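Data block below; observations after.
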Amino acid sequence: MMNVEIKNFQELDAQELYDILQLRSEVFVVEQDCVYQDMDYKDQLALHIIGYKKKRIVAYTRVFKPGYYFKEASIGRVVVRKSERQYGYGLEIMKVSIETIHINFGPTPIYISAQKYLTKFYTSLGFNIVGEEYLEDGIPHVGMIRE
């Protein structure tokens with residue numbers, strides 16, 4: 001069972017922030033063998049959706065209101081700890097992220113920059129591909145919008 005907390009940057013304590021950055025680095029830098037700058041000074045503007053299991057972060061996203069990152073509201077840094085991927089936490093954290101955007105910013109389109117291999121997953125959540133495939137940090141991505 002995963003418990004989800006939603007916090008702005010100022011509400012994160014040092015240990016939570018460290019654990020979030022550690023998980024993002026573990027998956028996006030080490031597991032995906034991708035050298036990129038994760039800490040981009042956008043965390044301060046985000047709402048952080050944090051999934052815990054027995055006090056350990058197992059899933060995470062960050063969400064932005066329209067105009068902060070993209071023209072639309074957006075969800076990014078979608079990550080589930082490798083050892084926890086069989087439990088549906090990705091779907092759960094995305095549903096909470098979508099709901100959080102609607103509660104905080106109203107019924108607004110949501111944009112994501114999705115790794116191409118995950119398009120079926122995001123399509124199941126109501127996202128549709130917009131535009132052409134592109135490389136982001138050497139990984140094929142597509143833009144997707146949920147109206």
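Note on the range 105-147: Cα convex hull, mean projected area over all directions, 3.2 nm².
A helix-only calculation puts the chain at -7000 deg cm²/dmol for mean residue ellipticity at 222 nm, using -39500 (n - 2.57) for each DSSP H run of at least four residues, averaged over all residues. In the full protein context, the range 43-147 carries 52 Å² of accessible surface per residue, based on a 1.4 Å probe and ignoring ligands, DNA and RNA.
Given the Cα-Cα distance of residue 55 and residue 7 and 0.36 nm per residue of separation, how much length would full extension add, in nm?
On the way: separation 48, 0.36 × 48 = 17.28 nm, distance 1.55 nm.
Result: 15.7 nm gained on full extension.
Listed values [x] -0.30, -0.70, -1.45; [y] -0.37, -0.78, -1.42; [z] -0.31, -0.75, -1.61 include one computed from this model; for log10 I(q)/I(0) by the Debye sum over Cα atoms at q = 0.10, 0.15, 0.21 Å⁻¹ that value carries the label [z]. Of all lysines in the structure, those lying under 20 Å Cα to Cα from residue 95, and not within fewer than 8 positions of it along the same chain, are 7, 53, 65, 82, 116, 120. If the segment from residue 91 to residue 132 were pulled out straight at 0.36 nm per residue, it would be longer than the present Cα-Cα gap by 12.3 nm.
Antiparallel beta bridges, as assigned by DSSP with both residues in the range 37-122, represent about 85 percent of the total such bridges.
Please give the Cα centre distance for the range 75-111 versus the range 1-53, rounded to the nearest Å. Spelled out, the Cα-based centre of one part sits 13 Å from the other. Of all the accessible heavy-atom surface of the chain, with the other protein chains kept in place and a 1.4 Å probe, what percent is carbon and sulfur? Answer for the chain is 54 percent, counting heavy atoms of protein chains only. Largest first, the residues 72, 99 sort by 1.4 Å accessible area into 99, 72.
The values are calculated or read from the model by the stated rules, or taken from the named source; none is laboratory data. These numbers come from a predicted model, not from an experiment. Remember, those area values only see protein heavy atoms, side chains included, never the ligands or the DNA or RNA. Shrake-Rupley method; radii C 1.70, N 1.55, O 1.52, S 1.80 Å.
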